[in-house]
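Written below as structure tokens is the structure these notes are about.
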Amino acid sequence: MRIEFEADVTPVRQQRPRPTRPSPRAADQIGRVVRYLVLAWQIEQAVAEGRARDFSDVADQLGLSRARISQVMGLRFLSPGIQEVLLTEPHRAERISERQLRPITEVLDWRQQWEMMRPMLTAAKEPSPHHHRDRTCGDVTPSVAAFDDPHRPI
């Protein structure tokens, strides 16, 4: 699965036009934690490609604190299965905050991560009142059970 996300990494010192904010409806369809997860991988790619020296440089360019960049980058340490659920089931991810995921990112064992994540996924099983129906394929809610097995091939 490949997801692309564009981020303006122009140094803050330069004057640049402020980006337009997405509509509230677009923001509802792509949860904040999903955007942070994608941003973390985009930052990793920018550093790997030399578009930024390091995470500190990214923090300066985006106008964020180094601590905030570290928090966002921690999402990369979620198991691939958890990342897949967050990216492919946005109605579940919209109720999960980055702060709730921080303790999970500190656990190295993916089975333990699943055990910590399962209650959040179960609580988020039903779409929130703000969930918008997908116009192309209806309101489909895949089962959490499909993602419960930490040994499931990805």
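Numbers below:
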read-out	value
Considering residues of region 76-89 that are within 16 Å of residue 4 (Cα to Cα) and of a type outside the set (S, T, N, Q) only, the residue surrounded by the fewest Cβ atoms within 10 Å (Cβ to Cβ)	76
Which listed residue is assigned to a helix (DSSP H, G or I), closer than 13 Å to residue 32 by Cβ and charged (D, E, K, R), from 99, 76, 111	99
The one condition in (1) at pLDDT 95 or above; (2) of a type outside the set (Lys, Arg); (3) surrounded by fewer than 16 Cβ atoms within 10 Å (Cβ to Cβ) that residue 40 fails to fulfil	(3)
Some residue of region 40-47 being under 21 Å from residue 121 (Cβ atoms) and of a type outside the set (Phe, Trp, Tyr)	yes
Residue satisfying all of: in region 43-63; more than 20 Å from residue 3 (Cα to Cα) and of a type in the set (D, E, K, R); surrounded by the most Cβ atoms within 10 Å (Cβ to Cβ) among these	60
Boolean, residue 92 is charged (D, E, K, R), part of a helix (DSSP H, G or I) and surrounded by fewer than 18 Cβ atoms within 10 Å (Cβ to Cβ)	no
Failed criterion for residue 97 (all others in (1) out of contact with any Phe, Trp or Tyr (no Cβ under 9 Å at 6 or more places or on another chain); (2) more than 16 Å from residue 6 (Cα to Cα); (3) of a type in the set (S, T, N, Q); (4) surrounded by 18 or more Cβ atoms within 10 Å (Cβ to Cβ) hold)	(4)
Pair list, Cβ under 9 Å, 6 or more apart: region 87-98 residue farther than 13 Å from residue 122 by Cβ, other residue surrounded by fewer than 22 Cβ atoms within 10 Å (Cβ to Cβ) and among the aromatic types (Phe, Trp, Tyr)	98/36
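Quick grid of which residues meet (1) among the hydroxyl-bearing types (Ser, Thr, Tyr); (2) touching a residue at least 12 places away in the same chain (Cβ under 8 Å); (3) not in a loop (DSSP other than H, G, I, E, B):
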position: 41; (1), (2), (3): no, yes, yes
position: 52; (1), (2), (3): no, yes, no
position: 57; (1), (2), (3): no, no, yes
position: 67; (1), (2), (3): no, no, yes
position: 71; (1), (2), (3): no, yes, yes
position: 83; (1), (2), (3): no, yes, yes
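The values are calculated or read from the model by the stated rules, or taken from the named source; none is laboratory data. It should be emphasised that the depicted structure is a prediction, and the values quoted were computed from it without experimental measurement. Here the Cβ is made from the backbone with ideal geometry for all residues, glycine too, and neighbour counts use every protein chain on show.
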